[in-house]
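To start, the structure itself, in structure tokens.
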Amino acid sequence: MAKGPEVTVGATGSFALQLWQLKKAAGDPSYDRMRAEFGALASKSALSDAARGHRLPSWDITWEFVRPLAVGVLGQDPRAARRAWRLKWETAASQPDLAVAAIPGDRSTFVSDLDVPDGTRVRAGGRIVKTWALRNSGTVPWVGRYLRRAASFGPAECVTPAEVPIPATRPGEEVRVSVDVRVPETPGYHQVYWKMVDAGGRLMLPGQRAVFFLLEVV
């Protein structure tokens, strides 16, 4: 029998715990059974990883974890279950994990999308560059920081770097941060969330929302 989440604190850990509780409510089937008998369209390792709590699963993996259990086993309405779990997932994706404490005086303000507004229609298989403008609205200089890809959802994955550098930014200054995106071939809405980390990979600004881009692939 598989073990429960290894991490249960923070947004990601709490979400993993909810997935595990759903699995228990459905009789705690094995991941092999979820795939072979209940029709989960994800690998055993992906399903197992979703409930460990180390990182937030993609929306696609989340739904393939939830759908066979909530709908197939527990008989919940598919649309209602999808809406409810999508809200849970988006809430977790928009909240930094709580394991890293904020640095006093450290603060960021989202200024604008400088190109590719949210919901922009883009051609399948193409490439774009997404640029955000951020302001260092605190009293702590940003040195050696990055935006790290934190989560995504959609019928397929946008291909991006795992992280992109943030130029050194003094308090009060604005900075532009860009990411190269290879658009998937699958039509539909695709969204990717990003969070600020330091050079050691520690999460910064834990009390602030992630930045993201949202594309409609056609």
Practice item. Give, as a single signed number, the net charge of other residues whose beta carbon lies under 10 Å from the beta carbon of residue 208, with Lys and Arg counted +1 and Asp and Glu -1. Key: +2
Check your understanding: Rounded to the nearest whole Å², what accessible area per residue is found for the chain with the 1.4 Å probe?
Key -> 50 Å²
**Study point:** Total formal charge among the other residues, if their Cβ is under 11 angstrom from that of residue 34, Lys/Arg +1 and Asp/Glu -1
**Key:** +1
Study note, to complete from the structure: The FRET efficiency for residue 199 and residue 133, from their Cβ-Cβ distance with R0 = 25 Å and rounded to 0.05, is 0.65
**Study point:** Helix 78-94 axis, angle to the chain major axis (alpha carbon atoms, nearest 10°)
**Key:** 30 degrees
Practice item. Please work out the FRET efficiency for the pair residue 159 and residue 44, using the Cβ-Cβ distance as r and a Förster radius of 30 Å; give the result to the nearest 0.05. Key: 0.80
Exercise for review: Could you state how much accessible area residue 61 has, in square angstrom rounded to the nearest 10, with a 1.4 Å probe and all protein chains kept in place?
Suggested key: 40 Å²
**Study point:** segment 11-94: C-alpha gyration tensor shape, a/c 1.5 cut-off, then a/b vs b/c
**Key:** oblate
Review point. Tilt of helix 10-25 relative to the longest C-alpha principal axis of the chain, in degrees (0 to 90, nearest 10)?
Key: 10 degrees
Check your understanding: What is the calculated FRET efficiency for residue 25 to residue 114, with r their C-beta to C-beta distance and R₀ = 45 Å, to the nearest 0.05?
Key -> 0.50
Practice item. Report the local net charge at residue 107: Lys and Arg +1, Asp and Glu -1, summed over other residues whose C-beta lies under 14 Å from its C-beta. Key: +1
Practice item. With an 8 Å cut-off on Cα pairs and a minimum separation of 6 or more residues, tell me the relative contact order of the chain in percent. Key: 20 percent
Point to revise | DSSP loop GluC sites (Glu not before Pro) with at most 12 other Cβ within 10 Å: longest gap in the chain | key: 7-184
Check your understanding: Spin-label point model (7 Å from Cα, Cβ direction): what's the residue 143 to residue 170 distance in nm?
Key -> 1.3 nm
Revision key, fill the gap. Counting sequence-distant residues (5 or more places) and residues on other chains, those with an amide H built under 5 Å from that of residue 139 are 106, 107
Practice item. Go through segment 31-38 residue by residue and turn each phi into a ³J(HN,Hα) via Karplus (6.51, -1.76, 1.60, θ = phi - 60°); whole Hz please, and just put x for glycine and proline. Key: 5, 4, 5, 4, 7, 6, 9, 9
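The values are calculated or read from the model by the stated rules, or taken from the named source; none is laboratory data. Please read these numbers as outputs of a predicted model, since none were measured by experiment. Glycine also receives a Cβ, built like all others from the backbone with ideal geometry; neighbour counts cover every protein chain displayed. For the accessible areas, the whole protein counts, side chains as well, though only heavy atoms, and no ligand, DNA or RNA atoms are used. Shrake-Rupley method; radii C 1.70, N 1.55, O 1.52, S 1.80 Å.
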